[in-house]
Structures are given as C-alpha cells and as structure tokens.
Amino acid sequence: MPATVNLFAGLAWDPGVRGILIVAVAVAVLMGSVYLLLATNVGSRLGLLVALTGLFGWMAILTLSWWLLPPAIGPRGQSNTWQPVEVVVEGGDPARTAEVGLLPVPDQLPSLEQILADNPQLVEEYPNGFVLSDLAANNPEILQQYASREAIGGWRVMPSGEAGEAQAAGDVVLVDAGLFGGPTEYKKLSAFSYGGKPTREEECPDDGALCRAWYRLRTPFMSNPAHYAVVQVQVVIPQTTVAGEAPPLPRVDPSAPVISVVMERELGTVRLIPFLYFVISLTLFVLFAWVLHNRDKTLMKNKAAAEAAVGGA
C-alpha cells in the first residue's frame, strides 16, 4: 500500500507525466468516441480508415494555417533575431558594411535643436527631450520634413516601439565587446533600418481591405532581402544621485563619439516546423484517402463480379 501511495504521489507532482496522461486521456475520449461511433456503423476497419482520413485532413488544414501564420504559442521554429555585424565608432575606421556607408554620419543627421526650434510645441510633448525614433513613433509628419528616406540615404528611422528589440540586442553587443560595463553608462539615441521586406503600410498606402488581405497571403512567399539595423548610443556624463530623490535624467557627453551597433536580421526558421507538420499531415491524408479509394474500387469490382455471376446463373 505505501508503495502505491508513493507512486500516485509522484505522478501528481510530475508535470511531465501529468501532461502525457492528459494528452492520452484527451485522445482516447475525443478521437476514441468518434472512432467508436464509426466502428458501430461501418465496421472497425473501415471506421478506423475514415477516422484517420478525417483527422489528417483536418490536421492538413490546421497546419496550413500555422504555416502561413505561425502561432505565438505552439509549433514554430526559431524566431527572428538581430545578429551583430560590427561596431562603428564615430571618427574611427569606416564601416565595413556597404549599406551603412549610405547613412549620414551623426553630425550630418537632422539636428534635434533645429527641429525643436522649428516646432516649439514639442516641448510639452517631450519635456525630457526626444530623439528621432520618438518622432517616428508619435510625430511622423514632422520627422518626414527632416529625415525622409531620401534624405538619409534610403535608411528609415525606426519608431521607438519597433526599435526596442534592436536596442536590447545592441546592449548585449556593447557589454560583451567590453565597451561599457552596463547600459547605464550610455544613452540610446536613434535607431535606423535598411532593406527587408516592404511593410504593409508601404504596400497598401490607401489601407484597402483587399490590398491588406493580398499582402498577408503573399508575405510568406516574398523574397527576403538583407535587413540591417543601426543602433546609436553615446556616453553619458556621470551624475550623483541624491538620497531620497529620483535618479537624475541621463545626459550625454557631447564631446564623446557616437557609437553605432550594426546588426543584420537573422530570419530564423519560424515557419519550418509548421511546414513539416503540414507535409506530414497532408501525406497521411492522401495515403488514407488513397487506401479508401482503392477499397471502394475493389468493393465495386467484387460487386460487379457477383452480379455478373448471379445473372449468368
């Protein structure tokens, strides 16, 4: 008795075993009930073939949707990531990546002071200052006047929300390279992107429903040109934190060079796993459907032979 109690206690606290038991019970109840109904009506063997054909036909449709739109939680491959290419220091060696040479150097980028002077209403919106990525997120019409794609060599200013992933990857690169001890030693400036697939807004400027649907359907089959990102940072001036007060806002050292982290988008294998599931499900569906088809042909042939024999007698 104690041994049995210990066994069940171990099962109760083992999530791996519990998960296996849940899946087994679900398969037995859901699929087993369908098979039981079919078996009582058409026979056990034919019922099994019909059940498996329907199951993998449904799985083929489901995995096709996974392939086109990989689920956030479910079967999917490795997600897209930003992979470091190089770190460029202003005033140092030029960038080895040819596309980075098209981006104006930091001194030639639109001056934030000039933008603020021309648009004094931004003071209320950004009391603690702003960068070009902030304007791209909240004031794209103002940014277009100073930093259009043509003005910055075909590059695009990444909005602050979109730039978060690239900036987080840039933090790791800067610390691993030994340039900084942590992200508190510098301030993130603007982030830029170049290349990659066209966005939905670029493909459908009129925001039509048919255009959006067509873009969504053909996106998985588009070519994948190289996609680069540049995250710029600058050293901050050390400041003393007063006890009982909020930490002071970081202030960049204007005499320090701007450091640019160049990264390339690694596409990953997000759709690989769903595609393999789709191929397996479709293959099994075709196989079982073919078996059912051959069974029907054999049944019809035997029925015709029996009728001919009866007629001849």
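The values are calculated or read from the model by the stated rules, or taken from the named source; none is laboratory data. What you see is a predicted model, and the numbers here were worked out from it, not measured in a lab. For neighbour counting, all protein chains shown are included, and Cβ atoms are generated from backbone atoms with ideal geometry for every residue, glycine included.
Would you confirm whether any residue within region 107-116 is touching a residue at least 60 places away in the same chain (Cβ under 8 Å) and crowded, with 17+ Cβ neighbours inside 10 Å?
Initially, region 107-116 is screened for residues touching a residue at least 60 places away in the same chain (Cβ under 8 Å), giving 109.
Subsequent filtering for residues that are crowded, with 17+ Cβ neighbours inside 10 Å retains 109.
Yes, that holds for at least one residue.
Taken over region 259-298, the criterion of being aliphatic (A, V, I, L, M) and more than 20 Å from N80 (Cβ to Cβ) is satisfied by I259, V279, I280, L282, L284, V286, L287, A289, V291, L292.
Suppose we filter region 221-264 for residues that are among the acidic types (D, E) and surrounded by 12 or more Cβ atoms within 10 Å (Cβ to Cβ); how many remain? First the steps, then the outcome.
Looking only at region 221-264, we keep the residues that are among the acidic types (D, E), and these are 245, 253, 264.
Remaining after also requiring surrounded by 12 or more Cβ atoms within 10 Å (Cβ to Cβ): 253, 264.
Residues that pass the stated criteria total 2.
Tell me yes or no: at least one residue of region 221-238 is under 30 Å from L55 (Cα atoms), in the same structural domain as Q108 (by TED's automatic domain parsing) and not aromatic (F, W, Y). No: region 221-238 contains no residue that is under 30 Å from L55 (Cα atoms), in the same structural domain as Q108 (by TED's automatic domain parsing) and not aromatic (F, W, Y).
Can you name the residue in region 123-139 that is surrounded by 20 or more Cβ atoms within 10 Å (Cβ to Cβ) and of a type in the set (A, V, I, L, M) and, of all such residues, is farthest from R156 (Cα to Cα)?
Among those that are surrounded by 20 or more Cβ atoms within 10 Å (Cβ to Cβ) and of a type in the set (A, V, I, L, M), it is L135.
Do we find a residue being among the polar types (S, T, N, Q), in contact with a helix residue (DSSP H, G or I) (Cβ under 7 Å, 6 or more places away or on another chain) and over 20 Å from P183 (Cβ atoms) anywhere in region 258-271?
Residues of region 258-271 that are among the polar types (S, T, N, Q), as a first pass: 260, 269.
From what's left, in contact with a helix residue (DSSP H, G or I) (Cβ under 7 Å, 6 or more places away or on another chain): none.
Scanning region 258-271, I find no residue that is among the polar types (S, T, N, Q), in contact with a helix residue (DSSP H, G or I) (Cβ under 7 Å, 6 or more places away or on another chain) and over 20 Å from P183 (Cβ atoms), so the answer is no.
Residues in region 66-103 that are farther than 23 Å from A166 by Cβ and surrounded by 13 or more Cβ atoms within 10 Å (Cβ to Cβ): W66, W67, L68, L69, P75.
When region 140-173 is filtered for residues that are touching a Pro at 6+ places or on another chain (Cβ under 8 Å), among the hydrophobic types (A, V, I, L, M, F, W, C) and either within 21 Å of L122 (Cα to Cα) or surrounded by 19 or more Cβ atoms within 10 Å (Cβ to Cβ) (or both), the ones remaining, listed by number, are A147, I152, V173.
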